[in-house]
Each structure stands twice: as C-alpha cells, then as structure tokens.
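First up is the structure itself, then whatever we jot down about it.
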Amino acid sequence: MKEFHVQIVVPEGKVFDGSVNALSVMTTEGRIGILAGHTDLFAPLGIGELKLSCADGERRAACSGGFLSVSGGEVSIAAVSIEFSEDIDLERAKKAKERAERVIAAKKDRAAVDAAKIKLARALTRISVADRRK
Amino acid sequence: MSGASMNEIKARMKSIKSTMQITKAMELVATSKLRRARQNADNAAEYCRVLDKAVAPLISSPKAREGSLWFDEGEGKDVLYIVIAGDRGLAGGYNSNVLKQSGADGENAVVLPLGKKAIEFFDRRGCEIFSRNCSEVAELGVGDCFEAARAVCRDFANGRFSRVELIYTEFVSMLSQCVKRRTLLPLTAQESAVDSDVLLEGDVAAMLDAAVPNYVGGVLYFAVCQAVAAESAARRTAMDSANKNAAEMIDTLTLSFNRARQAVITQEITEIVSGAEAL
C-alpha cells in the first residue's frame with residue numbers, strides 16, 4: 001500500500017512523525033479515514049480513537065480534540081492530547097469514568113454535568129483503546 | 001584608622017558574601033529551571049507551528065469569514081489584554097518591561113493577568129480584572145490554558161470584548177528576551193496562505209465555534225511556555241551580573257581592609273619605636 005507522511009503534535013511536543021498506510025480519526029462530524037493522495041482537507045477533531053496503520057502494525061491512541069489538516073498529501077494533526085494505547089493508565093481511566101458518571105447521575109449543576117459528559121467521553125475512549133491492546 | 005574601621009569593613013564583606021551566596025544559589029536554580037522551560041518552549045513552538053499551519057486554511061477561507069463573529073471587531077466594547085509576567089521578582093527588567101509595554105491602561109481595558117507580579121501590578125493600577133485564576137504562571141499546564149481560553153472566547157462571542165490582545169515575553173536566546181504583542185481575536189486571515197481549494201469537512205460556522213477556543217488555548221500555552229523560559233533566562237542573567245558585582249565589591253573591600261590593617265601595624269610599630277627611643 002502506498003504510504004504517506006503523518007505528523008502528530010501535542011502542546012508537550014511531537015508524539016508521532018512517520019509514514020503510515022492509512023489513518024482513521026474521529027472528527028466533530030464523525031469518523032473519517034485517510035489514505036495516500038487525499039485531497040487537501042481541514043477538520044476539527046472530536047474525542048475518539050485515532051488509528052494509524054503503519055508498515056509494522058497498527059497503533060491506536062485516544063485523542064481528545066484538536067485539528068487535522070491535509071496539505072499536499074501530508075497530514076498534520078495538532079491535538080490537545082494524544083495517548084497511545086501502551087501509555088494509557090487503565091485504572092485511572094476507569095476511576096475517571098466512575099467519577100464522571102456520579103456527577104451526571106447527581107444532576108446538580110448544569111455546567112458540571114456538561115463538563116462531566118466530556119470527561120466521560122474521554123474516559124470511555126481511553127478504556128476502549130486500552131482494552132484492545134491485548 | 002583603627003580597629004573600628006577594620007571591623008566595619010569586615011562586617012560589610014560578610015554581608016556581601018552572604019548575599020552572594022543567595023544570588024549564586026538563585027543562578028543555579030534559574031539555570032536548571034531554564035533547561036526544562038526551554039525544552040517545553042521548544043515543544044510548544046513546534047505545536048504552535050503545526051497548529052498555525054493546520055488552522056490557516058480555515059481562517060483564510062472566504063466561506064468562513066462571511067458573517068462570522070470571530071472576524072468582527074465590535075464597536076465601543078472592551079478590549080481584553082492577556083498579560084503574562086512572572087511570579088517573582090529579581091529577574092532584572094523582565095517583569096517591568098512586559099508590564100509597562102502592555103499598554104493596558106485605556107478606559108475600556110480589561111486585563112487577564114498571568115503571574116503574581118502581573119496581578120499585583122494591575123491591582124495597584126485599579127484595572128478591571130477578568131480572572132485571577134492564573135496566579136502561578138510557572139504552574140500553568142495545558143489544561144489551565146485551554147480553560148482560560150474557553151472563558152475568553154465565550155465572552156468574546158457574547159460581545160463583551162471587541163479585541164483580545166496577548167502580551168508576553170519571547171525567549172529569543174539566553175541573553176535576549178523581547179516583549180511580543182499578538183492580536184488573538186478577532187482572527188486575522190493570513191492572505192498569503194490562501195488556498196481556497198481546501199476541503200472543509202462539515203458546517204463551517206460550527207467548525208469555527210469549536211476550533212477557535214482550541215486554537216486560542218494552543219497559542220496561549222505556547223506564550224506561557226515562552227514567558228516562563230524568558231523569565232528564567234532573565235533571572236539567570238540578572239543573578240550572574242549580581243554575582244560579578246558582589247565579587248568586585250569584595251575585591252575592593254579586601255583591598256581597603258588590607259590597607260587599614262597595614263596602617264594599624266605601621267602605627268603600632270611607630271608607637272613601639274618611639275616608646276623605645278624615649279627610654
């Protein structure tokens with residue numbers, strides 16, 4: 001399969017820079033897949049799983065928002081945070097999920113519930129990415 | 001000339017020496033902090049570069065600009081100044097430079113100060129303060145920056161602010177830091193980067209609403225990292241020159257101490273000799 005160059009950065013630095021066969025990512029409008037030779041594109045990212053199919057296997061990561069741009073066949077992703085499956089702390093994610101669920105169930109403060117929903121989505125993504133690493 | 005002046009000189013030397021110990025320690029601390037801060041600043045710069053490049057097609061797209069409030073400067077509303085200074089003094093002109101050049105003293109100025117020194121400064125001037133949450137600039141993480149950016153963007157979208165200006169110190173090199181000013185909102189299109197063929201996935205207006213707070217947060221985090229690195233560098237330089245001055249003062253004082261001691265000895269000899277002659 002034809003390869004293309006992908007660069008992923010988060011505020012703390014570069015987390016991925018290399019060639020991949022295919023890339024699948026969650027945008028705010030839904031999941032999209034990108035192959036080599038994609039037309040120029042801009043899309044904001046949502047909370048969801050990021051999948052990279054490299055020559056030496058697949059890599060998964062939990063992504064929580066950011067931007068994707070394709071320009072001249074090269075993909076750059078500026079994400080708010082990226083955690084590759086091997087770096088995810090499953091226990092922490094599970095605790096965050098429970099915490100968020102409690103806040104939502106309490107239904108006290110509208111803003112707190114909204115924030116908890118985002119946290120829940122992040123925790124669920126982390127858990128599902130981490131679960132598949134076995 | 002007597003023992004009294006010798007003691008005086010000795011006391012001064014002692015106090016300068018202890019000051020020098022402090023400045024030396026501060027220099028070492030600043031150097032080690034600087035190493036980490038520089039690493040962070042470099043990483044954030046890389047992020048900011050990719051971010052700018054990624055967002056350019058959206059910002060310069062004519063479709064996005066049309067009727068969008070993110071590109072509009074309202075009339076007669078407040079201007080928000082985000083000013084990043086340090087938490088502590090003793091960093092040469094670092095704090096005063098950025099605070100003086102902030103220009104946040106107009107009638108419609110609202111300030112979001114980052115760093116204890118910035119909060120103190122704008123409190124003293126009686127400026128209207130947007131939020132005091134960011135008091136420890138060295139402790140600010142990515143999350144804090146994004147949170148602050150969301151609050152700022154919300155108020156900009158509500159029409160409270162007509163402009164949002166960011167004033168920070170850029171880390172140029174170990175010896176040079178310069179104050180930078182950047183207009184965050186309204187967004188300005190980078191005409192050179194116009195590439196109208198870019199496919200924009202989804203509803204452009206909704207996309208902007210989602211993208212702008214993230215973009216502002218990213219730029220804010222970049223500025224904070226730069227400012228923290230610049231502060232450490234400024235402190236290191238200031239402490240280095242303080243050390244040099246202290247060493248110089250000790251040299252001068254040692255010289256006058258030796259002269260005083262010699263004078264006392266000479267006097268004693270004269271006294272003994274004249275005493276012996278008198279016998």
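Structure values in brief
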item: Averaged over A:34-45, number of beta-carbon atoms from partner chains that fall within 10 Å; result: 5
item: Where the Cα pairs of the protein assembly as shown fall when distances are cut into 20 Å bins, in %; result: 22, 45, 20, 9, 4, 1
item: Carbon and sulfur %, accessible surface of segment A:4-85 computed with the full protein complex present, 1.4 Å; result: 46 percent
item: Assigned charges on the beta-carbon of Lys, Arg, Asp, Glu; chain A dipole about Cα centre (debye); result: 820 debye
item: Gyration tensor (alpha-carbon) shape descriptor, chain A, a/c threshold 1.5; result: prolate
item: Dipole magnitude of the protein assembly as shown, debye to nearest 20 (Cβ charges: Lys/Arg +1, Asp/Glu -1, about Cα centre); result: 1240 debye
item: Helix runs (DSSP H) in chain B reaching 18 Å along axis by Cα, Kyte-Doolittle at least 0.0; result: B:142-157, B:204-278
item: Electrostatic dipole magnitude of segment B:38-236 [Cβ: Lys, Arg +1; Asp, Glu -1; Cα centre; debye, to 20]; result: 800 debye
item: Residues in segment B:205-245 that, when all protein chains are in place, have 10 Å² or more less accessible area than the chain alone would give (probe 1.4 Å); result: B:M207, B:A210, B:A211, B:N214, B:Y221
item: Top positive-direction residue, dipole computed over the protein assembly as shown with Cβ charges, set B:A223, B:S256, B:T270; result: B:T270
item: Solvent-accessible area buried by pairing A with B, both sides, nearest 100 square angstrom, 1.4 angstrom probe; result: 2100 Å²
item: Dipole-positive endmost among A:L124, A:A112, A:I88 within segment A:88-131 (Cβ charges, Cα centre); result: A:A112
item: Sites excluded, GluC sites (Glu not before Pro) in DSSP loops with at most 16 other C-beta within 10 Å, longest stretch of chain A; result: A:30-134
item: Chain A - accessible surface per residue (Å², probe 1.4 Å); result: 50 Å²
item: Relative contact order (percent, whole number), chain B, Cα cutoff 8 Å, 6+ residue spacing; result: 32 percent
item: Most mobile of B:G159, B:G92, B:G106 in a GNM of chain B (Cα contacts under 10 Å); result: B:G106
item: Whole-number percent relative contact order across segment A:88-131, with pairs defined as alpha carbons under 8 Å at least 6 apart; result: 54 percent
item: Shape of segment B:18-75, Cα gyration tensor, a/c cut at 1.5; result: oblate
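The values are calculated or read from the model by the stated rules, or taken from the named source; none is laboratory data. Just so we're clear, the structure is a prediction, and the values are computed from it rather than from any experiment. Cβ sites come from the backbone with ideal geometry, for glycine too, and all protein chains shown count toward neighbours. Heads up: the accessible areas ignore ligands, DNA and RNA and are worked out on the full protein's heavy atoms, side chains in. Shrake-Rupley method; radii C 1.70, N 1.55, O 1.52, S 1.80 Å.
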